[in-house]
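Q: Right, I'll just put the structure down here and ask away after.
What follows is calculated from the coordinates using simple rules that are stated; it is not laboratory data. In this text the structure is predicted, and so the values were computed from the model without any measurement. Please note: Cβ atoms are built from the backbone with ideal geometry, for glycine as well, and neighbour counts cover all protein chains shown.
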Amino acid sequence: MSAAAPPVSSRLFSLFCLASYLLSLSYGSTFLLSLLIGSRGGNELDAGSVISAAMLSTFAAVIVSGHLSDLLGAARSIALFSLLLVVASLGFALTPGFGNLLLFFGLMLGLGWGVFYTLGPIIVASLVTPAQRAKYFALLSGSMMTGIGSGPLLGRAASALGYPVTAAFYLAALASLIGALLFWRLDVQLKKTPSASASVARISWHATARVLSSRAVFPIIMVGLGGCVFGGLSSFQTSYAASRSLDYSLFFFGFMGAAISSRMLIAGFVVKRDPLRASCLLSGLMMVSILMFGFVVDDGFSYVLAAMMLGVGYGLTYSVINGLAANEAPSGTTSQSLLLFSLSYFVGVFGFPLLAGRIIVEHGMVTLLLTVLTIALLNWLITVGRLIWRHVSRIKTLQQA
């Protein structure tokens, strides 16, 4: 794509973000599964099993997404597979107990969410220049995280109005249906956009090896580790809040509010800064938030503050490393890199809750927080290591000059 590609229509991108927000409600509602399954006699391990079932189907989604995009177009592929999000949300609400049928709906969730989450950023990457990617990725991920954060709030609102928590899943199903219709309509407009790419690259062993042998491997690893942190904390926030006699909605209010405001107020500043230094600072902030959850939170104010720090740290880090994954990939492998980026994220956000649920049941919430802190520390050390390596390389270059 030319560096002089015309700017994206504000109306088009606004509709794209709205549709993304609506689809994200379905994933956000899964953070209520621990509460829902607990009310049916299950525990955190049962909830983690359902969430982790989605990891298996997301692998299939990532692998076939390129083929689907070539056959149907990216937007219409998202629209069709979004119907599986409707099915999954309704299935969670209507299935009695916590048996194997919930695992099936977890698989449906993974397929629907996987196709959307994989193709969404690739559509954005095809619409804008490399210099614009970090900004537009920030707007897209902001819309998605706002929807994710709104999902649990639907459950809290339902409870406040005297409705069961299943009401949140019904509303998520309706939102996903509307989002699917919007993406279907957006397909025509996206094809008229001069800068839009005609197709999406498919996964291949050769391209995968090229990406993983480049600097793009670092943001790909980081998003997986960040997904573990986010999935571990968010999926069992209802259990954490109950253990400290807090209202879980405060976490999602704080997280969502920080995610929105940080993108409105500081995202434009952050994406213009050195991405390595920015990701180091923001992943460090994410570590501080986990320390607060473990050792500081004891009332509503400290709870919201910790959630806000996580929202800023995790949310903006994700945007920065998403841009790095695209821009540090070898020439001609941008789409491949973004596919692997999504796959790594899914491993963390869907795979880790199974381990997290087992840790809670067998060792308690404190052990889970220490485990998540260790993962966040490793995530931060990757950025520190890259900064040190770059500094040493510059010194060597100067000495050789």
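Q: Can you give me the distance in nm between label points at V392 and A60, each placed 7 Å from the Cα along the Cα-to-Cβ direction?
A: Placing both labels 7 Å beyond Cα along the Cβ direction yields 4.5 nm.
Q: May I pose another question? Only Cα pairs under 8 Å and at least 6 apart count here; give the relative contact order of region 1-109 as a rounded whole percent. Walk me through the intermediate numbers first.
A: Values: 69 pairs, mean separation 34.5, N = 109.
Reported as a whole number, the value is 32 percent.
Q: Also, quick follow-up: As a footprinting exposure proxy, order S150, S176 by other Cβ within 10 Å, with the fewest listed first.
A: On the way: S150 22, S176 31.
Lowest to highest Cβ neighbour count: S150, S176.
Q: Something else about it: Please list, in order along region 44-60, the HN-Hα scalar couplings obtained from phi with the Karplus expression 6.51 cos²θ - 1.76 cosθ + 1.60 (θ = phi - 60°), rounded to whole Hz, x for Gly and Pro.
A: 5, 5, 5, 5, x, 5, 5, 5, 6, 4, 5, 4, 5, 6, 5, 4, 4
Q: In addition: Label points 7 Å out from Cα along the Cβ direction at R244 and V288: separation in nm?
A: About 1.7 nm, to one decimal.
Q: Considering lysine pairs in the chain that are 8 or more places apart or on different chains, how many have Cα atoms under 29 Å apart?
A: For the chain, qualifying lysine pairs total 4.
Q: Helix-only mean residue ellipticity at 222 nm, the chain, DSSP H runs n ≥ 4 weighted -39,500 (n - 2.57), per residue, nearest 500. What is it?
A: That calculation yields -28000 deg cm²/dmol at 222 nm.
Q: Taking the Cα centre as origin and putting +1 on Lys and Arg beta-carbons and -1 on Asp and Glu beta-carbons, what dipole magnitude results for region 153-312, to the nearest 20 debye?
A: Computed charge dipole of region 153-312: roughly 780 debye.
Q: 7 Å from Cα along Cα→Cβ at both L71 and S159: what's the point-to-point distance in nm?
A: My value for the distance between the label points is 4.2 nm.
Q: Tell me, in nm to one decimal, what length is gained between Q189 and V296 on full extension, where the rule is 0.36 nm per residue of separation less the Cα-Cα distance?
A: Contour length minus the Cα-Cα distance gives 33.6 nm.
Q: In what sequence do V62, V392 fall when counting other Cβ within 10 Å, fewest first?
A: Working: V62 23, V392 10.
Taking fewest neighbouring Cβ atoms as first place, the list is V392, V62.
Q: Counting Lys and Arg as +1 and Asp and Glu as -1, each charge on the Cβ, what is the dipole of region 10-400 about the Cα centre in debye, to the nearest 20?
A: Working: 22 positive and 10 negative charges, 265 e Å.
It comes to approximately 1280 debye.
Q: Same structure again: Normalised by the number of residues in the chain, what is the relative contact order in percent for Cα pairs under 8 Å and 6+ residues apart?
A: Normalised by residue count, the contact order of the chain is 26 percent.
Q: Along the charge dipole of the chain, Cβ charges K/R +1 and D/E -1, which of M292, L343, A172 sits furthest on the positive end?
A: Most positive-ward Cα: L343.
Q: In what order do L246, L22 fall by count of nearby beta-carbon atoms within 10 Å, going from fewest to most? Don't skip to the end; give the middle numbers.
A: Details: L246 19, L22 25.
Listed from fewest to most nearby Cβ atoms, that is L246, L22.
Q: Which of rounded, prolate, oblate describes region 263-401, given a ≥ b ≥ c as roots of the alpha-carbon gyration tensor eigenvalues and a/c under 1.5 marking rounded, otherwise prolate only if a/b is larger than b/c?
A: prolate
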